[in-house]
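Chemist: The structure under discussion is supplied below as structure tokens; questions concerning it will follow.
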Amino acid sequence: MSGGVRIAALLAGVATLASARPDGDDRRVRLELGAEPGPGGFARATAPRRFELPRDHGPHFEYQTEWWYYTSNLLAADGRRFAFQLTFFRRGLTPGAPPAGAGLSTNQVYFAHFAITDVDTRRHAFAERFARGAGGLAGAQSEPFAVWLEDWRAGAANADGSAVRLVARDGPIALDLALEARKPLVAHGDRGLSAKSAEPGNASYYVGYTRLAARGRLVAGGQDVPVSGEAWFDHEWSTSALGAGAVGWDWFSLQLGDEREVMYFQIRKQDGSVETMSGGTLVERDGDARRLTRADVALEVLDRWRSPETGAVYPSRWRLRVPGEGLDLIVEPRLRAQEMRTSFIYWEGAVAVTGTAGTRPVSGQGFVELTGYARSMRDIF
């Protein structure tokens, strides 16, 4: 979830690295899932901070969990629609940067998710990789910004990291895209501090670019296709977890045709209620960002979809309203079957947006992430 909990929940069970060798598929790191690791001296996100670029695009090893998240809706010259997700996750086993000159010894583990949706053929393909942050297998750096896992990579194409090149390939899917931010960096929450519950320190630092121009090529269904469109980038780091009673979250990143963007997340509790610290951000045409509280947003589920693979039942159509901004939006998946059956099962996919902004019609596109429907995230850690 863009909001500090996603990486904490996905990686909270990482305890040890085992039997990794730098040859062939054995480079993949085996993760042993078990009890939640303690804070262990890691820093906590407790107060707003000043962000500096390109330094803050890079890793924050004093915090336990971190991720770099890219998504986009893309269009081919012949009108075909595609979408992708490429996300890099970092988990620190102890605070601080990995030791220099230690061979394959490390205190950092990385994994990544990659998916391409071919909307017209109704195909969604995904892949997952693991690696230790040593021996060149995986890592992250600030200047110039880069994060990588084997041959999957995001790397800066300019000095401040607002332009990047993404490269990933796995069997029948691949991409090679250039992204360039069209708006300034957004600091979500309270000046970049995104709280997940009322517990002090149960928060992340959360920044990103809500609209980037995307251009390049992707491979899907055996075809190499030139594409262009608009992308979204999130970067979060924290030492936190889901609050008491929470089971998962619903997260929305919406790019509207009137050049505004809406990010909203809600953390769901076991009793059916929603965490009061849920919220989001409205980004104006000029890049000015305004915080949205849970009370500012009304979210209604209009339809559901059952996965034939896992049996999980996910919301699959929504009405999202921001009354104070005159927004009344219908959000609908471009393809229902966009479930990510990775180490942790969740739904992440491209969506289309229609509705009204005041008295005017508005359309758009985006991504939605849904967790805790196949299994409570509390069960994982």
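The values are calculated or read from the model by the stated rules, or taken from the named source; none is laboratory data. Not measured: the values here are computed from a predicted model. Neighbour counts run over all protein chains shown; Cβ positions are idealised from the backbone, glycine included.
Chemist: Counting only residues that are of a type outside the set (Gly, Ala, Ser) and more than 19 Å from the chain's Cα centre (by Cα), give me the strands (runs of 3 or more DSSP E) lying completely in segment 39-158 with at least 2 of them. Show your work before the answer.
Modeler: Details: elements: 65-76, 81-92, 108-118, 123-132, 138-141, 146-149, 152-156.
Those strands (runs of 3 or more DSSP E) span 108-118, 123-132.
Chemist: Could I ask something else about it? Looking at this structure, is Gly161 of a type outside the set (Ser, Thr, Tyr), in contact with a Phe, Trp or Tyr (Cβ under 9 Å, 6 or more places away or on another chain) and part of a strand (DSSP E or B)? Break it down into steps so the answer makes sense when it comes.
Modeler: Numbers: of a type outside the set (Ser, Thr, Tyr): yes; in contact with a Phe, Trp or Tyr (Cβ under 9 Å, 6 or more places away or on another chain): yes; part of a strand (DSSP E or B): no.
So Gly161 does not fit the description; no.
Chemist: Working only within segment 347-377, note down all residues that are in contact with a helix residue (DSSP H, G or I) (Cβ under 9 Å, 6 or more places away or on another chain) and in contact (Cβ under 8 Å) with a residue 40 or more places away in the chain.
Modeler: Step one: filter segment 347-377 for residues in contact with a helix residue (DSSP H, G or I) (Cβ under 9 Å, 6 or more places away or on another chain), giving 357-358, 369, 371-372, 377.
Once the filter is applied, which keeps residues that are in contact with a helix residue (DSSP H, G or I) (Cβ under 9 Å, 6 or more places away or on another chain) and in contact (Cβ under 8 Å) with a residue 40 or more places away in the chain, segment 347-377 yields Ala357, Glu369, Thr371, Gly372, Met377.
Chemist: Here's something else I'd like to know. Specify which of the listed residues (Ala112, Ala102, Ala125) is touching a strand residue (DSSP E or B) at 6+ places or on another chain (Cβ under 6 Å) and more than 18 Å from Trp148 (Cβ to Cβ).
Modeler: On the way: Ala112 fails: more than 18 Å from Trp148 (Cβ to Cβ); Ala102 fails: touching a strand residue (DSSP E or B) at 6+ places or on another chain (Cβ under 6 Å).
Just a single option satisfies the conditions, and that option is Ala125.
Chemist: Give all pairs with beta carbons closer than 9 Å in which a residue from segment 305-331 that is over 17 Å from Gly349 (Cβ atoms) meets a residue that is surrounded by 14 or more Cβ atoms within 10 Å (Cβ to Cβ) and at pLDDT below 95; count only pairs at least 6 apart in sequence or on separate chains.
Modeler: Within 9 Å, the pairs are Gly311/Ala374.
Chemist: Just to confirm my filter: which strands (runs of 3 or more DSSP E) fall fully inside segment 267-315 and include at least 1 residues that are more than 21 Å from Gly257 (Cα to Cα), at pLDDT 95 or above and among the hydroxyl-bearing types (Ser, Thr, Tyr)?
Modeler: Details: elements: 279-283, 289-293, 298-306.
Here the list reads 289-293.
Chemist: Sticking with this structure for a sec: For segment 323-341, name all the residues that are buried (at least 18 other Cβ atoms within 10 Å of the Cβ), over 23 Å from Thr281 (Cβ atoms) and not basic (Lys, Arg).
Modeler: Within segment 323-341, Leu335, Gln338, Glu339, Met340 meet the criteria.
Chemist: While we're here: Please go through segment 78-124 and give me each residue that is among the hydrophobic types (A, V, I, L, M, F, W, C) and out of contact with any Asp or Glu (no Cβ under 8 Å at 6 or more places or on another chain), ordered by number. Before the answer, list the steps.
Modeler: Here is the first cut: in segment 78-124, the ones among the hydrophobic types (A, V, I, L, M, F, W, C) are 82-84, 86, 88-89, 93, 97, 100, 102, 104, 109, 111-112, 114-116, 119.
If the condition is that a residue be among the hydrophobic types (A, V, I, L, M, F, W, C) and out of contact with any Asp or Glu (no Cβ under 8 Å at 6 or more places or on another chain), then Ala83, Phe84, Leu86, Phe88, Leu93, Ala97, Ala100, Ala102, Leu104, Val109, Ile116, Val119 are the ones that fit.
Chemist: If you don't mind, there's one more thing I want to ask. Name the residues in segment 232-266 that are under 27 Å from Leu177 (Cβ atoms) and outside any strand (DSSP E or B), would you?
Modeler: Scanning segment 232-266 gives Gly257, Asp258, Glu259, Arg260.
Chemist: Return a yes/no flag: does segment 302-322 have any residue that is surrounded by 14 or more Cβ atoms within 10 Å (Cβ to Cβ), within 21 Å of His113 (Cβ to Cβ) and either β-branched (Val, Ile, Thr) or touching a His at 6+ places or on another chain (Cβ under 7 Å) (or both).
Modeler: Narrowing segment 302-322 to residues surrounded by 14 or more Cβ atoms within 10 Å (Cβ to Cβ): 305, 307, 310, 312, 314-322.
So of that shortlist, the ones also within 21 Å of His113 (Cβ to Cβ) come out as 305, 307, 310, 312, 314-316.
Checking the rest, the ones that are also either β-branched (Val, Ile, Thr) or touching a His at 6+ places or on another chain (Cβ under 7 Å) (or both) come to 310.
There is at least one residue in segment 302-322 that is surrounded by 14 or more Cβ atoms within 10 Å (Cβ to Cβ), within 21 Å of His113 (Cβ to Cβ) and either β-branched (Val, Ile, Thr) or touching a His at 6+ places or on another chain (Cβ under 7 Å) (or both).
Chemist: Condition first: over 24 Å from Asn73 (Cβ atoms) and at pLDDT 95 or above. Can you find one or more residues in segment 248-260 that meet it?
Modeler: no
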